[in-house]
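Enquirer: Below is the structure I would like to discuss, written out as structure tokens.
The values are calculated or read from the model by the stated rules, or taken from the named source; none is laboratory data. Just so we're clear, the structure is a prediction, and the values are computed from it rather than from any experiment. No Cβ is skipped: glycine too gets one built from the backbone with ideal geometry, and neighbour counts run over all protein chains shown.
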Amino acid sequence: MSKASQPELKKFMDKKLFVHLQGGRKVSGTLRGYDLFLNLVLDDATEETTPAQKHPIGTVIRRQIRERRQYIYAKSLEAQERQTYERKQKLKDALADGRSLPTELRKDAETLGKSLAFDGAQADPTTHIDNEYSNAGIQDPKIIVTTSRDPSSKLQQFAKAGDASPEACRANDVTDLVILHEHRGTPDAMIVSHFPHGPTVFFTLHNVNLRHDINSYKESTVSEQYPHLIFENFGSTLGERIRDVLRYLFPVPKEDSKRVMTFSNEDDFISFRHHVFMKIPPRQVQLAEVGPRFEMKPYEIRQGTIEQTEAEREWVLAHYSRTAKKRSLLTGPSSRPVSTVQEDDGSKPRKRTRR
């Protein structure tokens, strides 16, 4: 499209749109979308000649698309970098043990050996997960907690929320968006979406008790200190992934903070508890539960933000499998607790796995 024909085409489309509106006719989706497309394309083409941008929203959209494309491209190179790193490690181990080089490494041994000396300080190749929380510990997280549409009073009390959208979160440098859902007045689901490029983790909520539902809430006050975090039984790779998503929702606490939040995993159910403590001389500690209290279970992780429905699914919980009850996804491979059962005939005790 030449620059001479751009104003005429835009003028023709504006006139056609005006005729539709003046005659009271309904504007079709094709005409409306084509008009928006022309505005974005023509503004992009005339960006050098017109310093004032007529459509700042279009500029923001193009920047987000460019950043998302760069992020996906960097993530696509991870497999190649991982393969190169593993080949270097094989070469390093063979040289350290004095063994002959593997057949698949003999052609590239000289090239890999030149760059092997510069990888001594690298324990593991970087991934897109490292870039997702690159500012963790440097800047305090900026969280927005909101609810589904038409929330009940109980859900509003649990969330203390306001309205938010992914576009508003990106414009205001929000790091995480937390969305709460309910069923008949009881919170039953939670979504944690990290910005600007994800991930998004979906949880189900169980046994939700608000602060006023706890018997000891009158004996304690809600502290505004940055809390210490306790994570228990998050040993697998998936468990560490969930742990990082939850951990980076909170800022770095001070050493003298008296506030503690606990995330304890048992059979892939994460129990959340909120306490404050006070030291009593000489070596005693008085603990008081503040609330709220609930259990949550992750069931899906997406490599994108909440509005990107086409984002790749990193992990999905498989319910209907024969070994679903025997697996512990967040804890990792470990021996299950064993109980001893004494036989009635006085024989040797046998061990059976607790179900």
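Enquirer: Residue by residue through the range 285-337, note down the ones that are hydroxyl-bearing (Ser, Thr, Tyr) and modelled with pLDDT of 85 or more. Don't jump to the end; show me each part of the working.
Expert: Of the range 285-337, the ones hydroxyl-bearing (Ser, Thr, Tyr) are 299, 305, 309, 320-321, 323, 328, 331, 334-335.
Within the range 285-337, TYR299, THR305, THR331 meet the criteria.
Enquirer: On to the next question. Which number in (1) surrounded by fewer than 18 Cβ atoms within 10 Å (Cβ to Cβ); (2) in a strand (DSSP E or B) marks the one condition that PHE203 misses?
Expert: If we test PHE203 against (1) surrounded by fewer than 18 Cβ atoms within 10 Å (Cβ to Cβ); (2) in a strand (DSSP E or B), just (1) comes out false.
Enquirer: In the range 141-185, which residue that is of a type in the set (A, V, I, L, M) and not in a strand (DSSP E or B) is modelled with the lowest pLDDT?
Expert: Restricting attention to the range 141-185, the residues satisfying the condition of being of a type in the set (A, V, I, L, M) are 143-145, 155, 159, 161, 164, 168, 171, 174, 177-180.
Going one step further and asking which of them are not in a strand (DSSP E or B), we end up with 155, 159, 161, 164, 168, 171, 174.
Numbers: LEU155: 76, ALA159: 72, ALA161: 48, ALA164: 61, ALA168: 83, ALA171: 82, VAL174: 92.
Looking at the filtered set, the residue picked out is ALA161.
Enquirer: Can you pull out every residue in the range 261-272 that is at pLDDT below 95 and surrounded by 16 or more Cβ atoms within 10 Å (Cβ to Cβ)?
Expert: Within the range 261-272, ASP268 is the sole residue that qualifies.
Enquirer: Kindly indicate whether any position in the range 235-249 is over 19 Å from the mean Cα position of the chain (by Cα) and β-branched (Val, Ile, Thr).
Expert: Initial filter on the range 235-249 (over 19 Å from the mean Cα position of the chain (by Cα)): none.
Taking every residue of the range 235-249 in turn, none turns out to be over 19 Å from the mean Cα position of the chain (by Cα) and β-branched (Val, Ile, Thr).
Enquirer: Need pairs with beta-carbon distance below 7 Å; first residue more than 22 Å from GLU266 (Cβ to Cβ) and within the range 277-295, second surrounded by 10 or more Cβ atoms within 10 Å (Cβ to Cβ) and among the small types (Gly, Ala, Ser); sequence gap 6+ or separate chains.
Expert: Sorted first by the residue in the range 277-295, then by its partner, the pairs are ALA288/SER216; ALA288/SER220.
Enquirer: Wholly within the range 32-131, which helices (runs of 4 or more DSSP H) include no fewer than the required count, namely at least 2 residues that are at pLDDT 70 or above and either within 24 Å of ILE306 (Cβ to Cβ) or under 23 Å from the mean Cα position of the chain (by Cα) (or both)? I'd like the intermediate steps shown before the answer.
Expert: On the way: elements: 56-76, 78-97, 109-116.
Qualifying helices (runs of 4 or more DSSP H): 56-76, 78-97.
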